[in-house]
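Report on the following structure.
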Amino acid sequence: MIGMPDSEIEVEEPSIIGPNAELDERDVLAIISNELQLADQGIDFVTPLDYYIGNPNGREVEGRSTVTSTDVADAVEWIMPQIMKALTQTNEVVIFDPLGPGDEMQAELESKYVYDVIMKENPGFITIHEFVKDALLQNYGVIKVYFEDEATYEVQEFTGLVEEQVIVATQAENVEVLEYEAQEDGTFELKIRIKTPHGRIVLEAIPPEQFRFNSDHNSVCLEHARFLAHVTNKTASDLIKEGFDKEVIERIGSGTRNNLSDYRFAAQDETTTFPDQSQDWALRMLEVAECFMQLDINGDGIAEYVKITVAGADIGTPTDILSSEEISYNPFVGTTAILMPHKFRGLSIYDRLKQIQDQKTALLRSILDNVYLQNNGRTVVVEGMVNMDDLLVSRPGGVVRAKRSDAVSPLATPQLSPEAYNMMNYFDQVRAGRVGVSPEGEATPQKIGARVGSEGVERLLNAKEELVGLIVRVIAETGMKPLCNKIRDLCTMHLDAIQDYQFRGTWVKTNPAQWPNRRRMTVRVGTGTGDHQAQVAALSTVLSFQEKIISQPGQAMVTPQTVYAALDDFARFSQLNGANKYFLDPNSPMGQQNAQAIQQSQALQAQQDQQQGMALLQAQVDTAQAQVKMAQAQQDNVALKGQVENLKLQLSDLKTRMEAINKDEDRKLRKYEIDERTAIELTKIEVEAQSEENANFIANKTSVSGV
């Protein structure tokens with residue numbers, strides 16, 4: 001059995017090392033060798049894969065049907081979509097709980113950041129798929145999560161440099177001088193390689209056959225396991241790239257390549273090849289084990305948690321230590337499909353359906369054999385009376401030569417009873433009862449509903465869903481929860497720079513190294529695939545109640561935050577990635593800015609409304625005053641009219657009197673004018689007379705003088 005230690009191997013009992021004694025390399029190698037040989041690796045990884053693929057089970061009979069039922073594969077493939085949808089379709093499988101008031105946004109940011117590390121910085125879907133499928137098929141799945149220091153290299157060439165420029169270009173620690181040459185003109189040519197280090201958090205699904213753990217470990221949680229190891233094959237080139245001592249790798253002897261994962265290829269009739277070790281030393285395959293264990297290396301009586309990487313031709317007896325360092329955690333996260341109390345290894349779908357697949361295979365082969373015999377039945381012949389060559393060759397319309405008519409007769413093959421076919425349905429029902437999944441068939445809601453009613457349909461379907469839902473919850477609690485916790489710890493330990501991160505539709509700055517110590521987490525995966533539909537329906541009711549309550553003035557039960565929370569849950573349970581794509585989170589910076597803008601707009605509108613109200617009030621006051629003035633004016637107008645009428649009367653009387661006066665005055669005036677004209681005429685006559693008298697006088701006087 002691949003993966004199981006040889007029962008004939010005698011494990012050497014290590015000698016007890018006394019207290020206060022420091023361990024040397026030989027002691028450490030002896031302890032690790034003992035742990036590797038005693039570690040739990042006895043699981044049969046080959047048979048479950050054979051059952052999954054449907055390979056022959058070894059009970060085939062020549063000339064009979066060799067068909068194999070594939071119940072294990074069917075059940076695994078029916079369960080996988082439900083688990084993967086629950087673990088990868090939303091980003092809230094695991095969320096970190098806030099530490100107190102005001103910490104909600106930071107906790108949500110960390111939850112989303114960790115999920116992005118899984119799904120965006122790593123091939124998260126593939127890793128989780130392999131992790132889950134190992135658990136369903138081979139008892140347990142393992143993910144290794146660690147921080148990997150990476151670096152990029154850039155080669156640059158310079159000419160015409162002076163000595164000061166050369167010093168500046170080569171003084172940095174990340175610069176390696178490749179070429180340096182002085183020229184005749186006193187300048188220098190320089191060729192350097194610049195190393196730019198950067199790291200990332202890596203997730204890697206470990207094949208179960210490469211994983212080792214102390215056989216007495218009694219929990220699915222690996223946090224406190226005494227001994228854990230990842231055993232694999234690596235080339236000498238890979239080890240040198242990882243920074244291990246080249247001299248140590250050169251002295252490690254080459255062994256026979258022993259890759260336990262080869263069975264995965266052989267199960268599908270594939271062959272694995274690797275370069276001939278004699279062609280290139282750098283491609284030599286070495287067995288390497290990364291061991292994580294409690295070990296009192298310094299002899300102080302307290303075991304430290306250490307990571308020791310060992311290698312050798314046979315990993316059961318390593319020959320060299322490649323590295324050793326004290327660490328604070330192990331990088332492994334394990335899970336199983338069906339928990340077994342106080343054990344790491346649980347049960348798989350293969351364990352639950354192995355017997356059903358064997359029974360269905362035997363029954364299916366019997367049914368097919370019966371059908372084959374019905375179509376090509378056996379024949380009874382009278383010995384010596386039939387040409388056997390004619391009988392053995394079966395062809396349509398063929399002739400069988402016989403000496404008499406009753407020399408050949410068919411041997412009747414009884415048909416199987418309907419109970420044999422009913423057994424196939426029975427086995428399918430048992431399979432559905434054991435793992436909670438079945439193909440669309442007699443378990444459809446329409447056919448069940450005709451018998452038990454819609455309420456019974458819901459109970460029957462939910463009972464089946466709960467089985468798969470429990471597997472989802474177990475994997476989330478035992479696998480995804482510690483995985484997210486380890487990723488967060490790695491972020492705080494290794495990511496010490498401020499980063500721009502898109503959160504709730506806006507860019508924020510975060511520094512994982514400054515995140516607070518946080519251990520409380522919540523798994524948001526239900527125990528049944530029907531939970532989402534029920535939750536969506538419940539949230540629809542909640543939203544309708546919120547709509548009614550928020551429309552009531554003075555209510556204190558609903559806020560924008562509670563409405564957004566309901567919308568966010570509604571979107572997530574509807575298989576969307578939250579509500580932030582469709583609604584603004586009131587707690588987000590953009591939501592707060594929008595709220596402030598709305599408040600400012602409302603304040604401005606209120607101010608404008610107040611100004612308009614004051615203007616309207618003033619206009620009303622002015623109108624009232626104008627009306628009062630108009631009324632007063634009307635009263636004054638009435639009085640004035642009276643006065644005018646009185647004046648008119650007085651004027652009329654005056655006019656009459658004036659007319660009378662005028663008439664009298666006119667008479668007097670005419671009399672005066674007549675008198676005046678008369679006087680004037682008399683005056684003229686007098687003047688003319690006087691003038692004539694004067695002229696006569698003058699004439700008389702003149703005539704007297706002339707004399």
(message) Suppose the filter is in contact with a Lys or Arg (Cβ under 8 Å, 6 or more places away or on another chain), open to solvent by less than 90 Å² (accessible area, probe 1.4 Å), under 30 Å from Pro418 (Cα atoms) and of a type in the set (Val, Ile, Thr); does Ile356 pass it?
(response) yes
(request) Using the structure shown, decide if Asp245 is in contact (Cβ under 8 Å) with a residue 24 or more places away in the chain, at negative phi and not hydrophobic (A, V, I, L, M, F, W, C). (result) yes
(request) Name the one entry in Gly591, Gly613, Gly642 that is in contact (Cβ under 8 Å) with a residue 40 or more places away in the chain, assigned to a helix (DSSP H, G or I) and surrounded by 10 or more Cβ atoms within 10 Å (Cβ to Cβ). (result) Gly591
(request) Inspect segment 165-179 for any residue being closer than 30 Å to Ile83 by Cα and open to solvent by 80 Å² or more (accessible area, probe 1.4 Å) and give the result as yes or no. (result) no
(request) Any chance you could count how many residues in segment 70-102 are in contact with a Ser or Thr (Cβ under 7 Å, 6 or more places away or on another chain) and open to solvent by 50 Å² or more (accessible area, probe 1.4 Å)? (result) 1
(message) All but one of (1) open to solvent by 40 Å² or more (accessible area, probe 1.4 Å); (2) hydrophobic (A, V, I, L, M, F, W, C); (3) more than 19 Å from the chain's Cα centre (by Cα) hold for Met119; state the number of the condition that does not hold.
(response) (3)
(request) Report yes if Ser328 is open to solvent by 60 Å² or more (accessible area, probe 1.4 Å), part of a loop (DSSP other than H, G, I, E, B) and under 28 Å from Glu148 (Cβ atoms), otherwise no. (result) yes
(message) It is to be established whether one or more residues within segment 128-151 are within 42 Å of the chain's Cα centre (by Cα), without any contact (Cβ under 8 Å) to a residue 24 or more places away in the chain and open to solvent by less than 40 Å² (accessible area, probe 1.4 Å).
(response) no
(message) I'd like to know if segment 296-312 contains one or more residues that are of a type in the set (Ser, Thr, Tyr), open to solvent by less than 70 Å² (accessible area, probe 1.4 Å), assigned to a strand (DSSP E or B) and at pLDDT 85 or above.
(response) yes
(request) Name the one entry in Pro418, Pro445 that is more than 30 Å from Gly141 (Cα to Cα), at pLDDT below 75 and open to solvent by 30 Å² or more (accessible area, probe 1.4 Å). (result) Pro445
(request) Please enumerate the residues belonging to segment 448-476 that are modelled with pLDDT of 80 or more and open to solvent by 80 Å² or more (accessible area, probe 1.4 Å). (result) Leu470
(request) Would you check if Gln599 is under 30 Å from Thr506 (Cα atoms) and either part of a helix (DSSP H, G or I) or touching a Pro at 6+ places or on another chain (Cβ under 6 Å) (or both)? (result) yes
(request) Would you kindly identify the helices (runs of 4 or more DSSP H) lying entirely within segment 17-122 that contain at least 3 residues that are within 20 Å of Val435 (Cβ to Cβ) and touching a residue at least 12 places away in the same chain (Cβ under 8 Å)? (result) 46-53, 71-88
(request) Considering only segment 195-293, give the helices (runs of 4 or more DSSP H) lying wholly within it that have at least 1 residues that are of a type in the set (Val, Ile, Thr), modelled with pLDDT of 80 or more and open to solvent by less than 30 Å² (accessible area, probe 1.4 Å). (result) 246-251
(request) Keeping to segment 53-100, report how many residues are touching a Pro at 6+ places or on another chain (Cβ under 9 Å) and of a type in the set (S, T, N, Q). (result) 2
(request) Could you please tell me which pairs satisfy a Cβ distance under 6 Å, a separation of 6+ or placement on different chains, a first residue in segment 204-221 that is within 18 Å of Val474 (Cβ to Cβ), and a second residue that is at pLDDT 90 or above and part of a strand (DSSP E or B)? (result) Ala205/Ile143
(message) Whether any residue in segment 166-173 is part of a loop (DSSP other than H, G, I, E, B) and at positive phi is what I want to check.
(response) no
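The values are calculated or read from the model by the stated rules, or taken from the named source; none is laboratory data. Being a predicted model, the structure only gives us computed values, none of them experimental. Note that we place each Cβ from the backbone using ideal geometry, even for glycine, and neighbour counts take in every protein chain shown. Calculation scope for accessible area: heavy atoms of the full protein, side chains included, ligands and nucleic acids excluded. Shrake-Rupley method; radii C 1.70, N 1.55, O 1.52, S 1.80 Å.
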